[in-house]
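The values are calculated or read from the model by the stated rules, or taken from the named source; none is laboratory data. Here the structure is a predicted model, which is why all the values come from computation and not from measurement. Every residue, glycine among them, receives a Cβ derived from its backbone with ideal geometry; neighbour counts consider all protein chains shown. To get the accessible areas, we keep the full protein, side chains included, count just its heavy atoms, and leave off ligands, DNA and RNA. Shrake-Rupley method; radii C 1.70, N 1.55, O 1.52, S 1.80 Å.
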Amino acid sequence: MQGLWRLIWIEIKVFFREPMGAFGTVIAPVLILVLFGRIGTAVAPRAQAAASTFFRVNVPVFVAILIAINAVVSLVSIMSIYRESGILKRLSTTPLRPQTILTAHVIVKLLLTSATLALTFMFARESVLTDSGIPLGRFTVAMLIATASILSVGFVIASIVPTARFAQPITSILLYPMIAVSGLFVPMSAFSPSVRTFARLLPLTPAVSLLQGIWKGNPWSMHLGDIGALALVFVICTALSAKIFRWE
């Protein structure tokens, strides 16, 4: 346990030594939400924009999904750099196991996700995208559940990707297209049955459904299926990554 906490502290310090990584993970989502707020008030009266489902629900959920995907990209990039530079090989001679290393990275990413979400709400308070009726506490919990599940997909990629040069393109190609069929901007009913079936197998689909529902004030009981699907993805991907993890 002492090794885990020491590794978490080291990873936090490493993260903030990379200004561009910190900007993309923490600052960029805040700026995107504020920018959409400005656009919303520019194209429509504030009250009308605030009443729009797109600006009131979909844009904040989109930003939340971007935060989760950025966490995955960061995880995969760091692990590939460690593998390429031999850091993982040196760690293999210590008592640390792959599960401990991935757990440390997950805890760091969830801490950063919480911080980013708090900054987003604080700086976007005056935006049309927020109002006093939003259950921010429950949305944060939903966000952490969704992020943990999406991060587990990153475990699998991070376990095998050989170099940093391939890390970001592979992660982006796998994750960003999932947004298109997640039901965030295009209703699931607009897709063919085969596309709907495929989309339901992807982690972003239950993540979007859960985040949209909690943002609108739905009870947890309405999203037990989404939480179960996200938990299943987490269990399968974590078990798979433990099997295929490469130290070098």
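Between LEU232 and LEU119, the distance separating the two model label sites (each 7 Å from Cα on the Cα→Cβ line) works out to 3.6 nm. Simple spin-label estimate for LYS13 and SER172 gives 3.2 nm between the two label positions (7 Å along the Cα-to-Cβ direction from each Cα). On a per residue basis, the range 129-180 carries 40 Å² of accessible surface, using protein heavy atoms and a 1.4 Å probe.
Surface composition of the range 90-248: carbon plus sulfur atoms contribute 70% of the solvent-accessible area (1.4 Å probe, protein chains only, all chains present). Rounded to the nearest 0.05, the FRET efficiency derived from the C-beta distance between LEU4 and ALA190 at R0 = 51 Å is 0.70.
Here the calculated FRET efficiency for LYS89 and ILE244, from their Cβ-Cβ distance with R0 = 22 Å, stands at 0.85, rounded to the nearest 0.05. Here, the range 115-248 yields an orientationally averaged convex hull projection of 9.9 nm² when only Cα atoms define the hull.
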